[in-house]
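Working notes, structure below.
Read the figures in this text as sums done on the coordinates, not as results from a lab. Because the structure is a prediction, the values reported are computed rather than measured. Note that we place each Cβ from the backbone using ideal geometry, even for glycine, and neighbour counts take in every protein chain shown.
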Amino acid sequence: MTTERSRERLLLAASRHPLAARCAEGLLRCEARATARLALLNSGGGDSMALLMLVAALRERSDAALDSLSVLTVNHGLRAEASDECDAALALARMLGIERAECVSVTVSNGNVLDRARAARYAAAREFAVRHGCAAVVAAHTADDRAESLLMALRRGAGLSAMTRLLPVREFADGAFPTILRPLLGVRRAELRAFLTDLGVTWRDDPSNALHDRGAMRSEPAVAALVDAIAAGATRAIAEAEELPRFRADSVGRILAPGATRLSRAECDACAPALRAALLRARVNQAGGSIAQSTLDRALGTLRADARAPHAFECTTGVELRIAAREVAARSLR
């Protein structure tokens, strides 16, 4: 079968698969315009190979040349097999007719390998997206990834952020990175692999994943069953939780004047308890600092106790949070 016929067969089969409609719904939730240039991250693993097939099949309906898509695969240089995985990702992209498909090699510095690798990958993705004029970067996170992230965040004692670790859209306020879209958060990892098997598309998962926390979750039967149950049943709860940070930020924004570093104690006391932590954080941020969770907990305890004597709390970068009878203020001591 010629490459062109293979391409047509694959794209047609992918476009008719039930997952195509779910991916299309995911892109709508991400508010991705049908004509927007997108950069797809592809590691050669099952999730990202399925993402590539699905997005390409959807875009081919209106963009036959797939000129609006670019594909990036990143070689972190941590395993000898990574080169072959990157080659497989590029081979599929090019067979589908995507001209802008590149492999970028990065250097991962010493320290937390996962965090450093992620930072290097995102830096490469930013440069790639900017160079090709892409409006957003598309990642292949799944419902399983979201469930695993939730469990790991809860173990670390995270609050509401534990339920919103992976959002359909992630925007970076400082403009340091293009928007990240995650249209497959409602799809299970097993469904994506079954989809690839139906199409006859192979993939190569990184074996080192099994050595980290997520891999342990997948290999321990009881934990894997819990992740499976969360991925299947927590969709509605997580969807509702996604709205809460936006509501909280809007509420804090209405209370705090832009650029101000003072808040009346009466305003703070009148706020719902659920908003007070966000208010104190925002106040410290406005003064150029950040506040550790332990320090924030002590400050909130002062408010709950209705203490009126002045209390000062040391924050980062020389910023002090001060709670007194009349006001809550944050100021730089430098």
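Results, tabulated for the structure shown:
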{"read-out": "Contact order relative to length of region 1-151, as percent, for alpha carbon pairs under 8 angstrom and 6 or more apart", "value": "28 percent"}
{"read-out": "Nearest-20 debye value, region 1-91 charge dipole, Cβ charges on Lys, Arg, Asp, Glu", "value": "360 debye"}
{"read-out": "FRET efficiency, A274 to A237 (Cβ-Cβ, R0 22 Å, nearest 0.05)", "value": "0.85"}
{"read-out": "Inter-label distance for T107 and V169, nm, one decimal - labels placed 7 Å from Cα along Cα-to-Cβ", "value": "3.7 nm"}
{"read-out": "Among (1) 29; (2) 25; (3) 40, the entry that matches percent of Cα pairs over 32 Å apart as calculated here", "value": "(3)"}
{"read-out": "Sequence-separation-based contact order of the chain, relative, with Cα cut under 8 Å and 6+ spacing, percent", "value": "15 percent"}
{"read-out": "Pairwise FRET efficiency - A229 versus Q293, Cβ, R0 = 25 Å, nearest 0.05", "value": "0.30"}
{"read-out": "Extension reserve of the R37-E4 stretch, reckoned as 0.36 nm per residue once the Cα distance is removed", "value": "9.6 nm"}
{"read-out": "Dipole magnitude of region 13-53, debye to nearest 20 (Cβ charges: Lys/Arg +1, Asp/Glu -1, about Cα centre)", "value": "120 debye"}
{"read-out": "Net charge dipole size for the chain [Lys, Arg +1 and Asp, Glu -1 on Cβ; Debye, nearest 20]", "value": "1000 debye"}
{"read-out": "Options V130, P18, T3, ranked by Cα towards positive dipole end of region 1-131, top entry (Cβ charges)", "value": "P18"}
{"read-out": "Rounded to whole Å, sorted largest first: equivalent-ellipsoid semi-axes of region 20-88, Cα gyration tensor", "value": "25, 12, 10"}
